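Novice: Have a look at the structure that comes next, please.
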Amino acid sequence: MKVTENDNKRLPFLRDKTSKLTLSPGCYLMKNDKGKIIYIGKAKSLRKRVTSYFRASADHLPKVAKMVSQVYDYDFIVTDSEFEALVLECSLIKQNMPRYNILLKDDKGYSYIKVTNEDYPRISAVLQKDDDNAVYIGPYTSSYAVKQAVEEANRVFKLPTCHKVFPRDFKKGRPCLNHHINKCMGLCRGKISKEDYREIINQAVDYMKNGSAKSVERLTSLMEKAAEELDFEQAASLRDRIRAIEKISENQKIIDENMKDADIIALAENVEIACASVLMYRGGRLFDKVSFMLGEIEDTKKMRGDFLYQFYSDKADIPKNIFLDGEPEDIELAERFLREKSGRAVRIKIPQRGDMLRLVEMARANAGEQISIKVGRTGKEIIALDELSKLLGLSNPPKYIECYDISNLASANMVAGMVVFKNARPFKKNYKKFTIKTVLEQNDYACMQEVIERRIKRYLDADETDEGFKTLPDLIFLDGGKGHVNAVNAVLEKYHLDIPLYGLVKDSKHRTRAIATGGGEISVSQMKSAFNLITRIQDEVHRYAITFQTAKHKKNTYQLELTKVKGIGDAKAKKLIMHFKTKEALKSATIDEIKSVIGGSEEQLLELKQIIDNMKS
């Protein structure tokens with residue numbers, strides 16, 4: 001997006017001032033016409049960096065363009081190195097909180113583990129203490145971690161989570177499904193004493209406080225003691241509990257003895273805004289989770305780097321390992337910054353597989369859910385578009401996607417369907433149908449070229465009013481391989497349009513297999529959310545094109561039947577169809593009504609009426 005002198009009349013002054021700037025590193029402070037700082041940045045070379053904002057040919061992201069249009073003047077501070085500029089930038093942002101910098105507003109609150117004060121206590125996660133004589137453990141800074149830990153404990157120790165009141169509801173009705181699938185101990189049967197139940201509750205609390213390894217150690221000691229005392233039923237019960245802890249510890253992500261000291265950070269974007277989530281592991285367990293809305297989207301690498309600097313600029317507790325969902329801008333500079341702040345080596349890693357990648361995906365899912373609350377869309381939709389943009393190397397998630405498919409019966413009734421997905425959802429209002437006009441024999445490449453060219457011409461037509469044609473897509477998919485992509489790329493180049501274009505490739509069972517480029521394929525199997533979205537798009541465009549082709553075939557067969565009458569050609573047959581619209585309406589029409597549309601002799605009309613009446617509905 002370009003900023004012109006119509007947008008900011010101060011551009012000539014700013015360009016002249018910038019031409020005299022030093023090439024040294026430093027910080028620059030953009031100000032509006034009231035002298036308020038609206039953006040602070042760092043630079044390896046002040047003149048080169050600041051010039052990039054004001055030059056006439058600059059093509060900015062929307063957020064940057066909006067900032068540049070409001071710049072009245074700027075100040076700068078020269079430093080000895082880029083690293084000093086980075087440290088200064090972090091300090092100045094904290095002091096001034098400029099509106100166009102990333103400002104970290106988190107979702108933090110305090111939570112407690114609540115153990116109710118009753119004969120058969122329940123364990124739950126709550127946000128505040130009540131005056132109810134319950135036992136409250138905490139406060140903990142992360143409501144997320146508390147909720148996950150409570151759910152884990154209830155699952156491991158098979159605690160009841162129903163709404164029954166005990167002992168009042170003992171033996172009233174059959175145990176619920178959870179008991180039958182071994183997810184609840186079946187307290188409602190009334191076979192567990194108050195003392196035994198309280199011991200189980202104590203073990204569950206110990207598990208949440210100290211982790212799985214120590215819990216297993218204590219339970220093993222109790223099991224061995226029970227066996228020595230020949231209490232084999234109790235020993236077997238403890239053995240099963242130990243196995244449950246060990247089994248759940250293999251897959252759960254809340255308590256992990258190998259995760260001693262690490263933060264996992266991931267970003268999610270929804271076209272207009274971004275969010276970062278941080279999962280903090282300390283001492284082998286998920287210690288905290290926090291999410292930050294980052295405002296309008298800009299370059300993802302820069303946004304990721306800026307987040308690191310702001311998040312850790314005033315933190316005393318910086319872990320040894322930080323796992324990210326992608327590279328930040330200048331990873332070496334970021335590691336040096338973290339090393340200087342913490343006084344020891346800090347490693348930034350981008351996992352590609354295994355448990356760490358699953359944790360990164362978990363962090364991204366949390367960020368996606370946070371955005372979904374704000375924008376009223378599901379976290380899965382946000383993550384799907386985010387994954388798709390990363391998979392295809394797009395600068396931003398595609399908000400508006402078009403997909404095309406050709407359908408025909410040999411060389412007859414050749415048609416195309418165009419479906420639109422807006423914000424990862426079908427936008428049926430803008431679906432389009434095309435009847436192939438210039439291609440006489442079956443040729444998918446030529447058909448696809450014709451359809452895309454007709455669609456582009458409608459977009460370029462100054463008199464066009466149809467929203468579906470006047471909206472240019474962020475991404476185009478074609479149902480086909482690299483041959484389709486190369487064919488259509490030629491059309492886009494002809495009209496000088498730079499729209500990301502890819503094909504959707506199916507396997508032998510007609511299922512989505514890969515994304516085709518002009519020279520190869522991109523596997524989508526590793527990105528589940530993106531894969532599911534692509535499959536939905538491909539299935540929808542295939543359904544839409546086939547439905548149109550089938551309807552057109554029936555209509556043409558219907559029209560052909562009418563032309564069997566001497567004197568009734570294609571024009572009159574089409575006129576009848578257009579007038580009565582449906583076969584049922586035409587069959588209900590009288591001879592006089594038919595005559596009023598196409599005229600004709602009595603003999604001709606009687607023969608026509610007989611053919612119409614004999615048509616299958």
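Novice: Between Ser596, Ser588, which is more than 26 Å from Lys552 (Cβ to Cβ), hydroxyl-bearing (Ser, Thr, Tyr) and either in contact with a helix residue (DSSP H, G or I) (Cβ under 6 Å, 6 or more places away or on another chain) or without any contact (Cβ under 8 Å) to a residue 40 or more places away in the chain (or both)?
Specialist: Among Ser596, Ser588, only Ser596 is more than 26 Å from Lys552 (Cβ to Cβ), hydroxyl-bearing (Ser, Thr, Tyr) and either in contact with a helix residue (DSSP H, G or I) (Cβ under 6 Å, 6 or more places away or on another chain) or without any contact (Cβ under 8 Å) to a residue 40 or more places away in the chain (or both).
Novice: Next question. Look through the stretch 334-354, keep the residues that are in contact (Cβ under 8 Å) with a residue 60 or more places away in the chain and surrounded by fewer than 17 Cβ atoms within 10 Å (Cβ to Cβ), and return whichever of them is farthest from Ser91 (Cα to Cα).
Specialist: If we take residues in the stretch 334-354 being in contact (Cβ under 8 Å) with a residue 60 or more places away in the chain and surrounded by fewer than 17 Cβ atoms within 10 Å (Cβ to Cβ), then Arg336 is farthest from Ser91 (Cα to Cα).
Novice: Closer than 22 Å to Glu521 by Cβ, part of a helix (DSSP H, G or I), at pLDDT below 95 and not basic (Lys, Arg): which single residue out of Tyr459, Tyr445 fits that description?
Specialist: Tyr445
Novice: Taking the condition of being touching a helix residue (DSSP H, G or I) at 6+ places or on another chain (Cβ under 6 Å), of a type in the set (Ser, Thr, Tyr) and under 24 Å from Ile452 (Cα atoms), how many residues in the stretch 502-535 meet it?
Specialist: Counting residues in the stretch 502-535 that are touching a helix residue (DSSP H, G or I) at 6+ places or on another chain (Cβ under 6 Å), of a type in the set (Ser, Thr, Tyr) and under 24 Å from Ile452 (Cα atoms) gives 1.
Novice: Then there is this: Can you list residue pairs whose Cβ atoms sit under 7 Å apart, with the first residue in the stretch 488-513 being of a type in the set (Asp, Glu) and the second being not in a loop (DSSP other than H, G, I, E, B)? Count only pairs 6 or more apart in sequence or on different chains.
Specialist: Cβ pairs passing all conditions: Asp507/Arg513.
Novice: Follow-up question, since we're still on this one. Within the stretch 110-131, work out how many residues are surrounded by 14 or more Cβ atoms within 10 Å (Cβ to Cβ), modelled with pLDDT under 80 and farther than 18 Å from Met208 by Cβ.
Specialist: Number of matching residues: 0.
Novice: For the subset of the stretch 487-525 comprising residues that are among the β-branched types (Val, Ile, Thr) and assigned to a loop (DSSP other than H, G, I, E, B), which member is modelled with the highest pLDDT?
Specialist: Here the residue is Ile499.
Novice: When only residues in the stretch 526-564 that are hydrophobic (A, V, I, L, M, F, W, C), more than 28 Å from Arg358 (Cβ to Cβ) and buried (at least 18 other Cβ atoms within 10 Å of the Cβ) count, which is modelled with the lowest pLDDT?
Specialist: The qualifying residue modelled with the lowest pLDDT is Leu562.
Novice: Related question: Just the residues that are β-branched (Val, Ile, Thr) and surrounded by 20 or more Cβ atoms within 10 Å (Cβ to Cβ), please, taken from the stretch 51-76.
Specialist: Val64, Val68, Val71
Novice: With the stretch 324-433 as the region, which helices (runs of 4 or more DSSP H) entirely inside it contain at least 3 residues that are under 30 Å from Asp444 (Cα atoms)?
Specialist: 379-392
Novice: For the stretch 77-96: of the residues being of a type in the set (Asp, Glu) and without any contact (Cβ under 8 Å) to a residue 60 or more places away in the chain, which is surrounded by the fewest Cβ atoms within 10 Å (Cβ to Cβ)?
Specialist: If we take residues in the stretch 77-96 being of a type in the set (Asp, Glu) and without any contact (Cβ under 8 Å) to a residue 60 or more places away in the chain, then Asp80 is surrounded by the fewest Cβ atoms within 10 Å (Cβ to Cβ).
Novice: Surrounded by 16 or more Cβ atoms within 10 Å (Cβ to Cβ), closer than 21 Å to Thr535 by Cα and not hydrophobic (A, V, I, L, M, F, W, C): is that true of Lys432 in this structure?
Specialist: Yes.
Novice: Ok, one more. Looking at the stretch 565-602, which of its residues are part of a loop (DSSP other than H, G, I, E, B), at pLDDT 80 or above and polar (S, T, N, Q)?
Specialist: Hits for the stretch 565-602 are Thr590, Ser601.
Novice: With the condition kept exactly as written, say whether any residue in the stretch 478-486 is assigned to a loop (DSSP other than H, G, I, E, B), in contact (Cβ under 8 Å) with a residue 24 or more places away in the chain and in contact with a Lys or Arg (Cβ under 8 Å, 6 or more places away or on another chain).
Specialist: Checked the stretch 478-486: no residue is assigned to a loop (DSSP other than H, G, I, E, B), in contact (Cβ under 8 Å) with a residue 24 or more places away in the chain and in contact with a Lys or Arg (Cβ under 8 Å, 6 or more places away or on another chain).
Novice: Just the residues that are at pLDDT below 80 and of a type in the set (A, V, I, L, M, F, W, C), please, taken from the stretch 73-109.
Specialist: Selection gives Ile102, Leu103, Leu104.
Novice: Just name the residue that is modelled with the lowest pLDDT out of those in the stretch 237-270 that are among the polar types (S, T, N, Q) and assigned to a helix (DSSP H, G or I).
Specialist: Asn251
Novice: Still on this structure, please answer the following. Restricting attention to the stretch 398-419, and to residues there that are in contact with a Ser or Thr (Cβ under 8 Å, 6 or more places away or on another chain) and at pLDDT 85 or above, which single residue is nearest to Lys528 (Cα to Cα)?
Specialist: Of everything passing the filter in the stretch 398-419, Pro398 is nearest to Lys528 (Cα to Cα).
Novice: Follow-up. Run down Ala316, Ala363 and say which single residue is surrounded by fewer than 16 Cβ atoms within 10 Å (Cβ to Cβ), closer than 27 Å to Gln148 by Cα and either without any contact (Cβ under 8 Å) to a residue 60 or more places away in the chain or not charged (D, E, K, R) (or both).
Specialist: Ala316
The values are calculated or read from the model by the stated rules, or taken from the named source; none is laboratory data. Quick caveat, the model's predicted, so the values are computed rather than measured. Cβ coordinates were reconstructed from backbone atoms using ideal geometry, including for glycine residues, and neighbour counts include every protein chain displayed.
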